[in-house]
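**Student:** One structure is given below, represented as structure tokens, and several questions about it will come after.
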Amino acid sequence: MLDVAIRAVREVGDILLEGLGDSHDIIVKGVRDITTEVDLQAERRAIEIIREACPQARIVAEESSSEHAEEADVPTWYIDPLDGTTNYARGMPTFSCSVAMAHEGEVQCGAVYDPQLDHLFYAQRGEGSFLNGRRLHVSARDTLMESILLLDWPRDQPYRGQSVRLLQKLVPQVGTVRSRGSAALSFCYVAAGWVDVYYQFTLHPWDVAAGLLIVEEAGGIVTNLHGEPYDLYGLDWLATNGLLHKDVLAFEPYR
């Protein structure tokens, strides 16, 4: 199944690269929420690849077939064909595709691909995390002042306000702050040790399924922003190198 996930993200990546820089049909799904014709084309191809290999699988995808399948007794595939659609539509070169397979709510394998940089992140439960064949491990930084904090912005105004309040508490404590606009890549950057902390208040299972496993298999910790075990269908997420997890939670993210 990991081979299937890798094939899917690579082929989707080719589609994304082919359309990069073109004029796109922008479809507004909600406030600060858009899709393009390339999202739809890429998702169709990913679903085709998965259906060929796993005909009975359930599909939970961003643009279609988004059923709640957490307790399914058959493999459930989570697909984000284009994570970073706003970046992509504007020609900003930070985006990715993400595919993961879970069974009974536990992610078993996943892959995230940045086609611009040819960065293929992948993991299989119990087997470690890798970038283009090189094993990954989270950073060893154990003080916030040495850390790089990564965050992405919620679309909904109340959650955006919560994100700002947490950022105001953390900014004086951390080394620096970045925002990339692709949640899947943000998780992978924690796994690679390039950043040390990532949080977001509103994510979907297709945003996080592959990335959370890649972080865990690289030695990191993923919870919700209360410090509780994550739920694939939960909204809020915190991923760290593990050493800084309690430090971030001490700032009471929901106050």
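**Student:** Go through the stretch 189-232 and give me each residue that's among the small types (Gly, Ala, Ser), over 14 Å from Ser139 (Cα atoms) and crowded, with 23+ Cβ neighbours inside 10 Å.
**Tutor:** If the condition is that a residue be among the small types (Gly, Ala, Ser), over 14 Å from Ser139 (Cα atoms) and crowded, with 23+ Cβ neighbours inside 10 Å, then Ala209, Ala210, Gly211 are the ones that fit.
**Student:** Across the stretch 72-123, what is the number of residues that are in a helix (DSSP H, G or I) and buried (at least 24 other Cβ atoms within 10 Å of the Cβ)?
**Tutor:** 2
**Student:** When the stretch 45-62 is examined, which residues are found to be part of a helix (DSSP H, G or I) and either surrounded by 20 or more Cβ atoms within 10 Å (Cβ to Cβ) or of a type in the set (A, V, I, L, M, F, W, C) (or both)?
**Tutor:** Answer for the stretch 45-62, where residues must be part of a helix (DSSP H, G or I) and either surrounded by 20 or more Cβ atoms within 10 Å (Cβ to Cβ) or of a type in the set (A, V, I, L, M, F, W, C) (or both): Ala46, Ile47, Ile49, Ile50, Ala53.
**Student:** Next question, about the same structure. Looking at Leu238, is it crowded, with 20+ Cβ neighbours inside 10 Å and either assigned to a loop (DSSP other than H, G, I, E, B) or among the small types (Gly, Ala, Ser) (or both)? Give the derivation first.
**Tutor:** Working: crowded, with 20+ Cβ neighbours inside 10 Å: yes; either assigned to a loop (DSSP other than H, G, I, E, B) or among the small types (Gly, Ala, Ser) (or both): no.
The answer is no for Leu238.
**Student:** Can you tell me which residues in the stretch 201-230 are assigned to a helix (DSSP H, G or I) and out of contact with any Ser or Thr (no Cβ under 6 Å at 6 or more places or on another chain)?
**Tutor:** Pro205, Trp206, Asp207, Val208, Ala209, Gly211, Leu212, Leu213, Val215, Glu216
**Student:** Also, I was wondering about something else. Against the conditions (1) modelled with pLDDT under 75; (2) open to solvent by less than 50 Å² (accessible area, probe 1.4 Å); (3) touching a Leu at 6+ places or on another chain (Cβ under 9 Å), where does Ile27 fall short? Just the number, please.
**Tutor:** (2)
**Student:** Condition check: among the basic types (Lys, Arg) and closer than 20 Å to Ser98 by Cα. Does Arg160 satisfy that?
**Tutor:** no
**Student:** So, in the stretch 145-197, how many residues would count as being assigned to a loop (DSSP other than H, G, I, E, B) and either aliphatic (A, V, I, L, M) or without any contact (Cβ under 8 Å) to a residue 12 or more places away in the chain (or both)?
**Tutor:** Residues in the stretch 145-197 being assigned to a loop (DSSP other than H, G, I, E, B) and either aliphatic (A, V, I, L, M) or without any contact (Cβ under 8 Å) to a residue 12 or more places away in the chain (or both): 4 in total.
**Student:** Would you mind finding the one in Val208, Val174 that is at pLDDT 95 or above and more than 11 Å from the chain's Cα centre (by Cα)? So that I can check it myself, show each step before the final result.
**Tutor:** Values: Val208 fails: more than 11 Å from the chain's Cα centre (by Cα).
Going through Val208, Val174 in turn, the sole match is Val174.
**Student:** Out of the stretch 90-111, which residues are aliphatic (A, V, I, L, M) and in contact with a Gly (Cβ under 6 Å, 6 or more places away or on another chain)?
**Tutor:** Ala100
**Student:** Those residues that are aliphatic (A, V, I, L, M), open to solvent by less than 90 Å² (accessible area, probe 1.4 Å) and more than 16 Å from Leu213 (Cα to Cα), I need them from the stretch 124-155; list them, please. Explain how you work it out, then say what you get.
**Tutor:** Taking the stretch 124-155 first, the residues aliphatic (A, V, I, L, M) are 131, 136, 138, 140, 144-145, 148-151.
Imposing the further condition that a residue be open to solvent by less than 90 Å² (accessible area, probe 1.4 Å) reduces the set to 131, 136, 138, 140, 144, 148-151.
Hits for the stretch 124-155 are Ala140, Leu144, Ile148, Leu149, Leu150, Leu151.
**Student:** Right, here's the next one. Tell me which residues, restricted to the stretch 160-182, are of a type in the set (D, E, K, R) and in contact with a Leu (Cβ under 8 Å, 6 or more places away or on another chain).
**Tutor:** Arg178, Arg180
The values are calculated or read from the model by the stated rules, or taken from the named source; none is laboratory data. Because the structure is predicted, anything quoted here is derived from the model rather than measured. In this analysis, Cβ positions are derived from the backbone assuming ideal geometry, glycine residues included, and neighbour counts consider all displayed protein chains. The area values use the complete protein model at the heavy-atom level, side chains included, leaving out ligands, DNA and RNA. Shrake-Rupley method; radii C 1.70, N 1.55, O 1.52, S 1.80 Å.
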